[in-house]
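Structure record follows, encoded as structure tokens.
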Amino acid sequence: MTAKLAVSLAAPEKEVTALLSGISQTIAPIWPLDRWIAVNPWWGLRDMSIIGAARKLRQNAGIEMLMPAEFYLNALESGRIREEDLLAAISERQLEVSVDAVIGALKGNRGGDRQVFSALEHFPASNSRPSLAAEIREQVGRVCARFFDQRQSRWRAEDDSGSLFAFWLDQTRIDPWPGKGSELRMTREDLSGLPSDWRLAADRIIGDLPYTQSELEALGHSLLCGLTGWASWCRGVDWRAGLEGRSSRVCDELLTILLTWEKLAIDRLPVERKSAWQRSRGAWTDTATDSPSLDLQEMSPWLFQRAFELAWTRSFESRLIKAASNHDKDKVTPPAIQAAFCIDVRSEVFRRHLESGRPGIQTIGFAGFFGIPVTRQEPGPREDEPRLPGLLAPSYRFNESTGNLAADRELNRRLDQREMTRESVRKGKYSSLSTFTLVETTGLAWAWKLIRDSLNRKSASISGEDGLGEGRLCHVHGGDPVRDEERVTIGENLLRGMSLTNNFGSLLLLVGHGTHTDNNPNEAGLACGACGGKNGGVNARIAAELLNDRIVREGLAERGIRIPDYCWALAAEHCTVTDRISIIGPDLVPDSHLIQLEELERALAEAGRKTRRERAAALGLNGSKDSELAEAMEKRTTNWAEVRPEWGLANNAAIIFAKRQRSRAANLGGRCFLHDYDPGRDEDGKILDALMTAPMVVANWINLQYFASVTAPTVYGAGNKLLHSVAGGNLGVIEGNGTDLRIGLPIQSVHDGRLWRHEPMRLTVVIDAPEARIRAVLEKHPDVAALVNNQWLWLYQLGSGGELIPWSG
């Protein structure tokens, strides 16, 4: 068979690296455990229609994007999907088919087949060992774990290049497993001539591979999907380097490693298997295109998926229409108290109960980092904590301080000493010579801790992230303090982003949110995603201090935003496990506001009680008294055996950009992100531009992370928490004796052991803004337009009567 070169042997290096980069970018990034944020796992395919992307995943990797047919048929039988919903989905696609035909097509749907032509797949498993492809994934996974582990590993191979490919090459030359003992029969000499520079190696390997460019793109995508966890980690390393202005191509290096194994497999294919490999290549056709499908069997699951979404949208719209009929009822201007919450869906329930029967309280929705792209630097040897969305790079650093230079030095000295002691213990734990003797000699010293934690006697710390009480906002680069004019700009952007430029109340409460659990590597996934997987109390405190600053207020007044002298901003943190809100720094509130503070605390306590009551059934705690319910939820924060402390953002379905009055009193079931937006205060569209390019994209990431963790849990879910081991200190988790990182959400975060707790639906985006303004944003930002036009989400305008007007495109 004649070889078909993807790139000529004399091709410039730039052409090869561009090819690798294009393949790598089909993989979405992930973040470390301590900064874990939800990510759309199909972000790299956003320029394709969602149906085209599903075809690509099915063909290249055997991954199905939707639920099995039984799920949709059960929804139809139970009434979750009605015939009218299927008719609406058919009409939306402009198809001329009957509902019965669609149902019949779904019942006959067998899905597509994965088209395999990789030579690695032609070394099958035997009774004594797994397939060669599985062995390759295991070997590469182990190498990645050693290379990226900067915290737990104590015996690291010497490699100063910082290159994953060079590290793998060095490790494999020492021990050519998995080639040893298999039909591959690889020896150390096989890799001796390969350069350590991954670019030169990639140029040679790709030039030698007998694949066309389209075959190579499909093969590369397939190989990376076979090692989804480490491929996603490498993309995350590249992503974060880009945010910091650095160059990184680690995912390209990983792909080069996998292609090197492919080349070795081709060279060693037995004659009888080589002919089978050639036949599989000849049968391969590139069906992963964006052309519309005319096959009703292929279209039927998507019609049912859309009907599933439309059924919920119908109920959602009716609630908005009802809210619109009395949105000016009981309105108080200005309100006595304003409380700005994160847009998180869990805040919707609390806000609704806080507002109920209290016309003098206005709640506001805003991104939980309060528009301040900041990292937090605590005293001691700890690294900066980014507290902003993963899409952004930090501009500022908040340096915590006691307010006294001598006290800061003493605190730093004590913290440094404590870390040195802990590091000594870590060395003893992980060293091969002392790991067993350390346990034998100090094991009894841990007995009390084990007994205490097992009996759930550990005290929770959920009073909000108070910090040290003082701090200074500085620039990340250079470390210079932020000038007054720039601080005024930060405050202005914050208030305009909330559509709050007048009618201030006496108290302005800024509420961050966070979670408090024990023995939970996935804790960051329950915290504030807008704060980089951290609890949001610190961000709220920074924002409140900024808005209370006299110089900032004077600057804001010059820019047309006058915060009255009687308005006091204060911070709080909402624990989403217990639904308690803790005021941060209540002793700083002026005496003139103490009565209102007491009223606010009573209102928060009552809203928390009602919120816990609403959440009780989903947690299996219904039937308890209020005091028992509060105690049971409190225990969840310290119970190290609790695998479901809360449901996080499960069942998220929509985001609304509108004034709160448009949805106030509507019971949205904790399924909606709520971001305040007043179109009358955004004539130039700058605020809407910021909302559609940041909160809307973040909500899409969260929505599709949950979607994929339900529809494809073995690929995009983190598996069973009970089998998790943490890799590299904070890199991620592996399940059982696996070697690939598990991405996404654990099964316990979306399933209660009997039923799914998240309904997989694409995000419904509702915007109260003129059509021209929305269109201008889409025309300016291709990535945002791709999400809309390729149906990764559903965009609606909010009509004057609460009706949803589908975006016409």
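Listed values, structure above:
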{"item": "Pairwise label distance in nanometres, GLU383 with THR285, each label 7 Å out on the Cα-Cβ vector", "result": "4.9 nm"}
{"item": "Sequence of TRP168, TRP177, TRP312 from largest to smallest accessible area, 1.4 Å probe", "result": "TRP177, TRP312, TRP168"}
{"item": "Theoretical gain in end-to-end length, ARG483 to ASP100 [0.36 nm per residue, Cα-Cα removed]", "result": "131.2 nm"}
{"item": "Accessible area of the chain divided out per residue, in Å², using a probe of 1.4 angstrom", "result": "43 Å²"}
{"item": "Relative packing of peptides 751-757, 482-488 - highest average C-beta neighbours within 10 Å first", "result": "482-488, 751-757"}
{"item": "Cα-based Rg / Dmax (Å) for region 1-142", "result": "21.2, 62"}
{"item": "Shape metrics for region 672-780, restricted to C-alpha atoms - Rg then Dmax, Å", "result": "18.8, 57"}
{"item": "Cβ-derived FRET efficiency at R0 60 Å, ARG246 paired with GLU599, nearest 0.05", "result": "0.75"}
{"item": "Spin-label pair ARG775/ASN502, simplified geometry with 7 Å Cα→Cβ offset, distance in nm", "result": "3.1 nm"}
{"item": "Space enclosed by the convex hull of the alpha-carbon atoms of region 509-649, per residue, Å³", "result": "129 Å³"}
{"item": "R0 of 41 Å, Cβ-Cβ distance SER325-SER627: FRET efficiency to nearest 0.05", "result": "0.60"}
{"item": "By average C-beta atoms within 10 angstrom, highest first, the peptides 569-580, 510-521, 607-618", "result": "569-580, 510-521, 607-618"}
{"item": "Protection proxy ranking, peptides 779-791, 63-75, average beta carbon neighbours within 10 Å, highest first", "result": "63-75, 779-791"}
{"item": "Partner aspartates and glutamates for LYS625 [C-alpha distance under 17 Å; skip if fewer than 8 residues away on the same chain]", "result": "ASP579, GLU606, GLU614, GLU634"}
{"item": "Theoretical gain in end-to-end length, ASP149 to ASN404 [0.36 nm per residue, Cα-Cα removed]", "result": "88.1 nm"}
{"item": "FRET efficiency estimate (nearest 0.05) - Cβ-Cβ, ARG472 to ARG93, R0 60 angstrom", "result": "0.60"}
{"item": "Linear extension gain, ASN720 paired with SER214, 0.36 nm per residue minus alpha-carbon span", "result": "178.5 nm"}
{"item": "Out-of-range pairs (alpha-carbon distance over 31 Å; input LYS534/LYS610; LYS107/LYS721; LYS427/LYS534; LYS635/LYS659; LYS635/LYS721)", "result": "LYS107/LYS721; LYS635/LYS659"}
{"item": "Those Cys residues of the chain for which no other cysteine Cβ falls under 4.7 Å", "result": "CYS144, CYS225, CYS342, CYS474, CYS567, CYS575, CYS672"}
{"item": "Of all accessible heavy-atom area on the chain, the percent that carbon and sulfur account for (1.4 Å)", "result": "50 percent"}
{"item": "Nonlocal amide H pairs with ALA569, under 5 Å, H built at 1.01 Å", "result": "LEU508"}
{"item": "Contact order relative to length of region 664-756, as percent, for alpha carbon pairs under 8 angstrom and 6 or more apart", "result": "22 percent"}
{"item": "Proportion of all alpha-carbon pairs of region 761-809 beyond 17 Å (%)", "result": "29 percent"}
{"item": "Antiparallel content of DSSP bridges confined to region 606-735, in %, to 5", "result": "50 percent"}
{"item": "Rg/Rh (Cα only; Kirkwood hydrodynamic radius) as it applies to region 544-613", "result": "1.07"}
{"item": "DSSP beta bridge pairing in the chain, given as percent antiparallel to the nearest 5", "result": "40 percent"}
{"item": "Computed Kirkwood radius, in angstrom, where 1/r is averaged over Cα pairs of the chain", "result": "28.7 Å"}
{"item": "0 to 90° range, to nearest 10: angle between helix 296-324 axis and the chain longest Cα axis", "result": "10 degrees"}
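The values are calculated or read from the model by the stated rules, or taken from the named source; none is laboratory data. For clarity, every value in this text was computed on a predicted model and none was experimentally measured. Backbone-built Cβ (ideal geometry, glycine too); neighbour counts: all protein chains shown. Just so you know, the surface numbers come from the protein's heavy atoms only, side chains and all, with ligands and any DNA or RNA stripped out. Shrake-Rupley method; radii C 1.70, N 1.55, O 1.52, S 1.80 Å.
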